[in-house]
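These notes are about the structure you will find just below.
The values are calculated or read from the model by the stated rules, or taken from the named source; none is laboratory data. Please read these numbers as outputs of a predicted model, since none were measured by experiment. Quick reminder, even Gly has a Cβ in these numbers, built from the backbone with ideal geometry, and neighbours come from all protein chains shown. Areas reflect the complete protein model, heavy atoms only, side chains present, ligands, DNA and RNA absent. Shrake-Rupley method; radii C 1.70, N 1.55, O 1.52, S 1.80 Å.
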Amino acid sequence: MMNHQHSDQKSKGWSVSSKISLGFLIVLVLHISIAVLSHYGIAKSQKDLATYRQLRREVDRFYEIDRTVAALQRNVLLFAFTGYEGPEQRAEELQDGLDQLLSEAAKSDRLGDHKDIQAMQAHLKAHREIFAAVEVDRAKRRKLVNEDMQSHVDEFQNSILKLLEIPATQKLAEEADAAFTAAQLNVLKFVNGPDSLHFRKAKSDLASTTGYLDRLRKNDDPEVKASVNASIDAVQEYEHAAIQMVQATRGYLHLVNVVLAGESVEFRRLASKLRQEQTEHVGQLADSMANDNKHFQSASNLFSVITIVLGIFAAWLIGRDVVPPLNAISETFDGLAKGEKIESIPALDRHDELGRLAMAAQIFKDKAAETERLLKLAESSQQKLNSVNRELARQSDLAEKMAEDATAATLAKSEFLANMSHEIRTPMTAILGFAETLADSAHNEETQRAIETIQRNGAHLLAIINDILDLSKVESGKLTVERISACPYTLVSEVISLVQVKADGAGLKLSSKFNGQIPKSIDTDPTRLRQILINVLGNAIKFTEVGGVALNAELIKLRDRAIMQFDIIDSGIGMTHEQISRLFQPFCQADSSTTRRFGGTGLGLTISKRLAAMLGGDLTVSHSEVGQGTSFRLTIDVGPIENIQFLDAPAARALGKQKAEDSTDQIDLQGTRLLLAEDGPDNQRLIKFVLNKAGAEVEVVGNGQLAVEAALSAVDAGLPFDCILMDMQMPVQDGYEATMELRSRGYQRPVLALTAHAMARDKQKCMSAGCDGFLTKPIDRKALLMTVCYWASKFDEDLPCEAGACDSVAENE
């Protein structure tokens, strides 16, 4: 009790100076604490700022690496497609710059693991090596184009000039020269834009050149033969050099588009990875700095409040020197904490504790400004992302436009094939028709052989045209097959009959045989099946010099379905495995020597295999041995097994004989009045001759307008024409317009389309115009007479046309 009272008295006995001294001592301690805290905050902020700047420099270095890689790839592509020295030198300079950037990045102590830098250096080394290989391939390609191929062109020009000077070889030499020039143009197109389509066209043009030169070899003049051989050698060497150029082009394009692109992508991936890591370090440092500032602000505010309280207590002792600036600094910190924009920091000119506190506020303000800048940078990145999305949308629109252009190109191709068919078939009508007419009256053996040569080559040309049209239809998906009932025995007999002449001419034995039961009928497309068998048998006869060719047919039962199997076996030259691997490719034969020796376009087997697939089967090589022969196997699906009935061999032969006899009946058009609308004088004479010979009375007009007038006048006169043969391509008024006008004016009698357009859409167009029948040029004499007989008899029951002879026409219609 006594001690407590003593302590209270002692407290009350403190003098005012002691209290003031105590207050100043407390304030002094607080000021010292604030000074220490400010010094620590400034030092740490400066250290963090230095670290931040170093990290930003490293991030910027990786951005520079990314930009350098992109520029390097652009210059590599520019060099690959142009061959200019500028992009090549620029690419090498960029590689050196990239190497320097990687060396600087490897020295950084901020990277925990240098494996990615080492991997990027390894990729750069690989990039240098691959780019050097691209330069070598590019130089090789340049040498092939500018030196080797040009030398072969000069050799060809020197030899072809001699042939052009000789009148007997001038025409074929000009065609060969034109084909070779076209091949050069397509090769140059490939050089400027590596598209395999240009090179395939060039090879086709070179094949045409060789074909023209082969025809010149028949000339017995030694000088001509020497020039022809020199030209062929030059063409072959040029083609060989072109193939080497294509291989070199594909080689360096593979390196550029695949290997170098892959290296660049991996390189940029690693750079992006390291840049992301450094960016994360920057973010972590910014968070740390923000937390430090927050703690520093909290501590500063605490000490400021205490100082203000004590300052008020000691205001009567120390005056008002400290309070106003301290309040101003406190308001500044409050404003910064609220995100307000502070123009200036008060008390920055002081050199005491308040000055250092103001400096801390200035640092806080600077950090806030840096944070705002980073936010704006993020907004800019978002805008760039939006720009990339817009570019992707533009590329999508471009792809859609390219698809439309491809569709237009397909339509142009179909139009070109139709025009080509028309322009070739029209003159072939007169050539083959008058050749057949001459054959009927030719008695001289040499003349007969010449006519047979014309007919054989004309038929070969038509077969080529039909093969090209069929291939175009298959590739465009427009070729269709039908399924109707057909007798396989009759079909095989017809095929054997059609190729028998060719086999007899080659001195070969041709045989056919059915193994097992013979089906009475099968469900298939007899026209396409006949086309396949004729192609494969004709191919076997062509490549067989000694022995024979056999066709074995057999029905194979597979559960509830039936397969018709045809084996075509020959004793010809045979094939190697390599030759078999490219046998069914368009425009390809076993090898180039096969084309020179046996001829052909290489389309027959390609079309046959695709037709076999459309008929539910396949065409394959079951066996082949060089020098021993080849066996082809054709299979087709013929429908459910329960629908098939069978015949014995005598009944099948009797059926085949009856069909053959029916097809040979003579057709008499005596008393038939026909109108022929045809603008070609040669075809007018030919068709009128064939019809007059069969007994018909024919009136000829030269265009559609005259045909309309003649047909309607005949009706008005009471002597209407039994049938009109209407050419669809004529001046003044074409056949389509003339037929539609006749139908619109009530004309009911038959109108038969006569056209050189042989595609399915052309037939449909004729039928839509109002035609009843469809005949293609060149005119087949029997088909013409049978078709006219069938349609003319529709309106004239007294016409002496035997019904049996026209049954096939009715079936086709």
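Structural remarks
- Residue-level check: of (1) closer than 30 Å to K225 by Cβ; (2) touching a residue at least 60 places away in the same chain (Cβ under 8 Å); (3) of a type outside the set (K, R), D116 misses just (1).
Residues checked against (1) under 34 Å from the mean Cα position of the chain (by Cα); (2) at pLDDT below 85; (3) farther than 17 Å from D154 by Cα; (4) among the charged types (D, E, K, R):
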residue: A178; (1), (2), (3), (4): yes, no, no, no
residue: A182; (1), (2), (3), (4): yes, no, no, no
residue: L185; (1), (2), (3), (4): yes, no, no, no
residue: N192; (1), (2), (3), (4): yes, yes, yes, no
residue: H198; (1), (2), (3), (4): yes, yes, yes, no
residue: A207; (1), (2), (3), (4): yes, no, yes, no
residue: V224; (1), (2), (3), (4): no, yes, yes, no
residue: I232; (1), (2), (3), (4): yes, no, no, no
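- Summed over the range 688-738, residues that are at pLDDT below 90, assigned to a helix (DSSP H, G or I) and surrounded by fewer than 17 Cβ atoms within 10 Å (Cβ to Cβ) total 2.
- Filtering the range 662-682 to residues that are of a type in the set (S, T, N, Q) and at pLDDT 85 or above leaves Q670, T672.
- Residue pairs whose Cβ atoms lie under 7 Å apart, separated by 6 or more positions or on different chains, with the first residue in the range 164-183 and farther than 15 Å from E239 by Cα and of a type in the set (A, V, I, L, M) and the second open to solvent by 40 Å² or more (accessible area, probe 1.4 Å) and part of a loop (DSSP other than H, G, I, E, B), are A168/N219.
- Unique match (being open to solvent by 30 Å² or more (accessible area, probe 1.4 Å), within 19 Å of T620 (Cα to Cα) and among the acidic types (D, E)) among E554, E494: E554
- The single condition among (1) assigned to a helix (DSSP H, G or I); (2) surrounded by fewer than 18 Cβ atoms within 10 Å (Cβ to Cβ); (3) of a type outside the set (V, I, T) that A207 does not satisfy is (2).
- Test: residue in the range 82-103 that is over 24 Å from R61 (Cβ atoms), modelled with pLDDT of 70 or more and surrounded by 16 or more Cβ atoms within 10 Å (Cβ to Cβ): yes
- Selection within the range 542-572 - under 14 Å from T630 (Cα atoms) and not in a strand (DSSP E or B): K542, F543, T544, E545, V546, G547, S571, G572
- Residue in the range 167-183 that is within 30 Å of A139 (Cβ to Cβ) and open to solvent by 10 Å² or more (accessible area, probe 1.4 Å) present: yes
- Counted residues, the range 726-766 - those being under 22 Å from K794 (Cα atoms) and in contact with a Phe, Trp or Tyr (Cβ under 7 Å, 6 or more places away or on another chain): 6
- Restricting R596, R582 to residues that are among the charged types (D, E, K, R), modelled with pLDDT under 80 and touching a Ser or Thr at 6+ places or on another chain (Cβ under 8 Å) narrows the list to R596.
- So G112, is it open to solvent by 20 Å² or more (accessible area, probe 1.4 Å), at pLDDT 75 or above and small (G, A, S): no
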